[in-house]
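The values are calculated or read from the model by the stated rules, or taken from the named source; none is laboratory data. Being a predicted model, the structure only gives us computed values, none of them experimental. Note that each Cβ is placed from the backbone with ideal geometry, even for glycine, and that neighbours are counted across all protein chains shown. These accessible areas exclude ligands, DNA and RNA; they are computed on the full protein's heavy atoms, side chains included. Shrake-Rupley method; radii C 1.70, N 1.55, O 1.52, S 1.80 Å.
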Amino acid sequence: MNEEQIRKTIVDVLGQIAPEADFDELSPDDNIQKTLDIDSFDFLNFIIGLNDKLGVDIPESDYGQLATPAKIISYISAHVE
Amino acid sequence: MAEFRMPSLGADMEEGILVEWKVKTGDHVKRGDIIAEVETQKGIIEIEVFEDGVVEQILVQPGEKVPVGTALAIIRAEGEEERPETAEAKKTTPSTEEKKAAPEKPKPQPAIKREKRIRISPLARRFAAELAIDLSKVDGTGPDGAINRADVERAAAQAKKPEKHVPEQPPEKKERAAGFHEGIRKAIAAAMARSNREIPHYYLETRIDMSRALKGLEAENRKRSVKERILPAVLLIKAVALALGDVPALNGYWIDGVHRPQEAIHIGFAISLRQGGLVTPAIHHADLKSLDELMEALRDLIIRTRAGRLRSSEMTDSTITITNLGDIGVETVYGVIYPPQVALTGFGRITEQPWVENGMIGIRPVLTATLAGDHRATDGHTGARFLDAINKHLQDWEKL
């Protein structure tokens with residue numbers, strides 16, 4: 001799976017949770033929770049969505065590595081088969 | 001024979017629009033069945049019926065806007081004889097009982113015809129309101145045809161083109177599209193103004209060491225798949241529910257000068273709507289639910305709150321409110337009680353702080369819990385016992 005596909009999946013999942021979210025307008029180093037006003041439930045749903053679509057099982061202790069778009073893409077790239 | 005009336009879904013509601021009947025004349029209904037949908041300032045609410053029976057007559061048609069207390073339908077109890085009167089007789093000669101119960105039984109005002117439900121992102125809704133765009137004319141290009149910001153902007157650009165001969169939309173229609181946010185604001189304004197006017201609040205605050213509870217929850221979540229994980233907020237809800245069992249005076253209402261503690265513990269959980277405003281629907285019998293059940297209940301409630309699909313009992317049953325603002329980073333919440341409730345518990349962010357115990361300084365994850373209490377109903381002593389009970393239950397988190 002290449003970076004573009006991962007990016008698209010992330011956008012899809014985020015779109016379900018926060019329909020107004022525009023991932024392309026987020027700069028790579030924006031904190032997604034703060035920028036998109038995503039609470040801890042939304043964030044958990046985001047993790048669940050990634051798990052559904054990509055099969056990555058993200059442990060709770062790694063949530064801190066998923067704060068920004070850049071970090072999310074690099075984390076997923078490293079963990080997806 | 002009973003009248004099914006437009007319910008009051010909160011201290012601030014004056015009228016509602018009947019959106020849809022889920023039953024028709026002759027249908028059998030059971031207590032708790034959802035039989036109608038009503039649009040209020042807080043979105044579309046599913047209305048439950050309070051008794052078993054048969055729908056004998058429907059008095060208000062979809063699209064009509066009527067004040068709280070207006071009879072919407074007649075429900076005949078099972079086994080009761082059918083009424084001989086016709087629908088017309090019923091409408092023109094209300095019984096004395098009816099007159100008493102609904103003194104200002106008003107004529108239903110014709111309301112705007114209900115449009116198809118529009119899927120739209122909150123951001124787009126705000127834009128549309130600012131730009132005065134009629135959403136029924138906008139084509140959505142988002143998931144399932146949802147309208148996004150770009151669609152609104154495109155519609156706004158088109159609207160600028162000269163089209164002067166086209167008649168103006170009736171103003172109500174525009175207001176409907178833009179009015180949701182405004183409606184919520186009004187509802188909150190009414191309830192909170194009343195609270196500050198009538199309720200003499202007292203505030204208490206305590207710091208809670210969350211290290212045991214968080215460590216335990218982390219270990220538990222490690223064993224679980226992503227979908228089964230539990231959020232710390234759920235521990236807080238359960239701890240509050242159990243603490244109310246220990247200190248029942250804070251669970252209930254102040255109505256007409258009388259303190260009325262309630263036995264059932266229905267926790268109103270403040271859920272923010274991303275476009276602004278909040279709703280505090282009830283998690284019923286929170287003390288009797290396991291952590292898994294609470295997590296599921298909360299998930300379901302958040303989804304339905306944001307989609308505007310709550311049930312009438314969820315809007316009216318809360319016996320206390322929890323406001324959890326930890327996600328945004330505040331440390332301490334000083335709440336405003338939602339009348340007629342008598343207490344509100346607030347939680348801030350769990351942060352690492354210096355903590356002194358047994359003469360040793362350590363670093364612990366610390367949560368600040370607050371209580372806003374109605375001093376007419378309870379005193380600080382009661383409130384202090386309540387906060388202490390929350391702390392006790394969080395230290396003993398395995399039993400939650």
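Observations, loosely collected:
- Odd one out for B:E352 among (1) farther than 19 Å from B:G276 by Cβ; (2) surrounded by 15 or more Cβ atoms within 10 Å (Cβ to Cβ); (3) within 14 Å of another protein chain (Cβ to nearest Cβ): (2)
- For A:G15: the one exception among (1) open to solvent by 70 Å² or more (accessible area, probe 1.4 Å); (2) over 27 Å from B:E218 (Cβ atoms); (3) at the interface with chain B (Cβ under 8 Å from one of its Cβ atoms): (1)
- Selection count where residues are more than 8 Å from every other protein chain (Cβ to nearest Cβ) and either charged (D, E, K, R) or open to solvent by 20 Å² or more (accessible area, probe 1.4 Å) (or both), scope segment A:22-35: 9
- Here B:G329 clears all of (1) touching a Lys or Arg at 6+ places or on another chain (Cβ under 9 Å); (2) open to solvent by less than 40 Å² (accessible area, probe 1.4 Å); (3) more than 13 Å from chain A (Cβ to nearest Cβ) except the condition numbered (3).
- Test: B:I255 is open to solvent by 20 Å² or more (accessible area, probe 1.4 Å) and either under 19 Å from the mean Cα position of the chain (by Cα) or not aromatic (F, W, Y) (or both): yes
- Subset of segment B:280-310 that is of a type in the set (V, I, T) and modelled with pLDDT of 90 or more - its residue that is surrounded by the fewest Cβ atoms within 10 Å (Cβ to Cβ): B:I302
- Any hit, segment B:358-369, residues being over 21 Å from B:T206 (Cβ atoms), at pLDDT 95 or above and surrounded by 15 or more Cβ atoms within 10 Å (Cβ to Cβ): no
- Qualifying residue in segment B:9-21 (condition: at positive phi, crowded, with 16+ Cβ neighbours inside 10 Å and in a loop (DSSP other than H, G, I, E, B)): yes
- Candidate set: segment A:56-81, residues that are open to solvent by less than 50 Å² (accessible area, probe 1.4 Å) and outside any helix (DSSP H, G or I); chosen: the one farthest from the other protein chains (Cβ to nearest Cβ): A:T68
- Within segment B:201-232, the set of residues being open to solvent by 50 Å² or more (accessible area, probe 1.4 Å), part of a helix (DSSP H, G or I) and either under 18 Å from B:P354 (Cα atoms) or among the β-branched types (V, I, T) (or both) comprises B:R212, B:K215.
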